[in-house]
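Okay, here's the structure, questions in a sec.
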Amino acid sequence: MKLTQVTKIYHNKHSDVIALDNVSIEIAHTGITAIIGPSGCGKTTLLYILRGHDKNFTGHRDVDGHIEMIEQDIQLFEAMSVIDNLRMVNSNFDEINKYLSLFQMSEHQNKKVKKLSLGQKKRVQFIRALLNHPDYLLCDEITAALDYENIQIVMNVLKKISQQISVIIVTHDISLVERFADHTIK
Ligand code: ADP
Ligand code: MG
C-alpha cells in the first residue's frame, strides 16, 4: 500500500498543526516495516490515514488489501472469556487454536479477559486481529504496554507471520528495530 504526497493538518482553536507534511511512503506486501520517530512527529496520524478511517487529508492513498490495526488501548470484551472474544470474529477452531498456541495463550483461553495481565490482553488483541485475516497489520506503540517477555513472544510471532503478511510497527525501541525490522521508515 502506498501514500503519495499526503499532508494532514489538525485545525485547533488557536493554531493549526501540520502533522504530516507531504509524506510519500510505500509499504511492502510482506516483512516487518518499522515506523520510527520522536513523540509528536505524526506516527499515529500516519497509521490512522493508512487504516482508512481518517479521510480528512490531501494526497493519495492506495490500498490493496484488508487492514487490521492494534491500537494502544485494549478493545476487548472484558467480562467475556478469551475464547468467546475470539469466536466472535472467527469460528474456525483450528485457526483459533493455532494462534492461541503461537501467542502462548492456550492455557488462558477460558479465563475472562478482565482477569488477564496487560501483556496477555495485548496478545489476545493480536490473535483477534489476525483471525480477521489482514493483509496489513498496523501496530501502534507496540512496546508501550508490554514487558520484555511479552515483547519477545509477540515479536517472534510477528516475524513468522510477516513471511505471509505485511506487519507495520510503530516504536521508539531501536533495538527492536535492529533485531526485527526488514524495512524502516523514519
Ligand atoms: P506521534 O504518534 O508520532 O506521537 P501524532 O500523530 O499523535 O504523533 O501527533 C502528531 C501531531 O499532531 C502532534 O503535534 C499532535 O499534538 C497533533 N495531533 C494529533 N492528534 C490531534 C488531534 N486530534 N487534534 C489536534 N492535534 C492533534
Ligand atoms: Mg502515537
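Which loop-located chymotrypsin sites (Phe, Trp or Tyr not before Pro) does the range 2-109 contain, where loop means any DSSP state but H, G, I, E or B and the Cβ has at most 16 other Cβ atoms within 10 Å?
Details: sites: TYR10, TYR48, PHE57, PHE77, PHE93, TYR99, PHE103; in loops: PHE57, PHE77, PHE103.
Hits after loop and neighbour filter: PHE77.
Holding the Cα-Cα limit at 27 Å, pick out from LYS8/LYS159; LYS13/LYS121; LYS13/LYS55; LYS2/LYS43; LYS98/LYS122; LYS55/LYS111 the pairs that are longer than that. Present the calculation step by step, with values, prior to reporting the outcome.
Details: LYS8/LYS159 31 Å; LYS13/LYS121 37 Å; LYS13/LYS55 20 Å; LYS2/LYS43 15 Å; LYS98/LYS122 17 Å; LYS55/LYS111 38 Å.
Pairs exceeding the cut-off: LYS8/LYS159; LYS13/LYS121; LYS55/LYS111.
Could you list, bin by bin from short to long, the percent of Cα-Cα pairs of the range 43-83 in 10 Å steps?
The calculated distribution, bin by bin, is 21, 43, 23, 11, 2.
Continuing with this model, one more query. The range 1-91: which trypsin sites (Lys or Arg not before Pro) are DSSP loop and have at most 11 other beta-carbon atoms within 10 angstrom? Walk me through the numbers on the way to the answer.
On the way: sites: LYS2, LYS8, LYS13, LYS43, ARG51, LYS55, ARG61, ARG87; in loops: LYS13, LYS55.
When the trypsin sites (Lys or Arg not before Pro) of the range 1-91 are filtered for loop state and at most 11 Cβ neighbours within 10 Å, LYS13, LYS55 remain.
Using all alpha carbons of the range 34-129, what is the percent of pairwise distances in each 10 Å bin, ordered from the shortest bin to the longest?
Bins of 10 Å from zero give 14, 38, 27, 19, 2 percent of pairs.
Let me check I've understood the local charge: for ILE32, count other residues with C-beta under 11 angstrom from its C-beta, Lys and Arg +1, Asp and Glu -1. What total comes out?
Values: positive: LYS159, LYS160, ARG179; negative: ASP182.
My count for the surroundings of ILE32 gives +2.
Another one. List the equivalent ellipsoid semi-axes of the chain in whole Å, largest first, each obtained as the square root of 5λ for an eigenvalue λ of the Cα gyration tensor. It would help to have the intermediate numbers written out before the result.
Numbers: eigenvalues 174, 61, 53 Å².
Its equivalent ellipsoid spans semi-axes of 29, 17, 16 Å.
Restricting the count to DSSP beta bridges whose residues both fall in the chain, what percent are antiparallel, rounded to a multiple of 5? Mind showing how you got there, number by number?
Values: 12 of 28 bridges.
For the chain, the DSSP antiparallel bridge percentage is about 45.
With a sphere of radius 14 Å drawn around the Cβ of GLN163, what net charge do the other residues whose Cβ falls strictly inside it have (Lys, Arg +1; Asp, Glu -1)? Present the calculation step by step, with values, prior to reporting the outcome.
Details: positive: LYS159, LYS160; negative: ASP135, ASP182.
Residues close to GLN163 contribute a combined charge of 0.
Under the √(5λ) rule applied to the eigenvalues of the Cα gyration tensor, what semi-axes describe the equivalent ellipsoid of the range 139-179? Give them in Å, descending.
Numbers: eigenvalues 51, 26, 18 Å².
In descending order, the three semi-axes are 16, 11, 10 Å.
Still on this structure: Which ordering of ASP140, ASP54, ASP16 is given by a fewest-first count of other beta-carbon atoms within 10 Å? Could you put the intermediate results ahead of the total?
On the way: ASP140 21, ASP54 14, ASP16 9.
By the 10 Å Cβ count, ascending: ASP16, ASP54, ASP140.
Right, another one. Could you grab the relative contact order for the range 1-54? Cα pairs under 8 Å, six or more apart, rounded to a whole percent. Intermediate values should be presented prior to the final figure.
Numbers: 58 pairs, mean separation 16.7, N = 54.
Contact order relative to length: 31 percent.
Any idea which of SER91, SER24, HIS11 is furthest toward the positive side of the dipole for the range 1-130, if Lys and Arg beta-carbons carry +1 and Asp and Glu beta-carbons -1?
SER91
Could you work out [θ]222 nm for the chain from helices alone, using -39500 (n - 2.57) per DSSP H run of at least four and dividing by all its residues? Round to the nearest 500 deg cm²/dmol.
Working: 6 runs with 60 residues, N = 186.
After summing the helix terms and dividing by residue count, I get -9500 deg cm²/dmol.
Let me know the shape class of the range 115-186, please: from the alpha-carbon gyration tensor, a ≥ b ≥ c as square roots of the eigenvalues, rounded when a/c is under 1.5, otherwise prolate if a/b is greater than b/c, or oblate. Before the final figure, lay out the partial values.
Details: a/c = 1.81, a/b = 1.12, b/c = 1.61.
It is oblate, given that a/c is not under 1.5 and a/b is not larger than b/c.
If you split all Cα-Cα distances of the range 8-87 into 5 Å bins from zero, what percentages do you get per bin, shortest first?
Computed distribution, short to long bins: 3, 10, 19, 21, 17, 12, 9, 7, 3, 0.
A short reminder: the numbers here are calculations on the coordinates, not readings from a lab. For clarity, every value in this text was computed on a predicted model and none was experimentally measured. Counting neighbours? That spans all protein chains shown, and the Cβs are built from the backbone with ideal geometry, glycine included.
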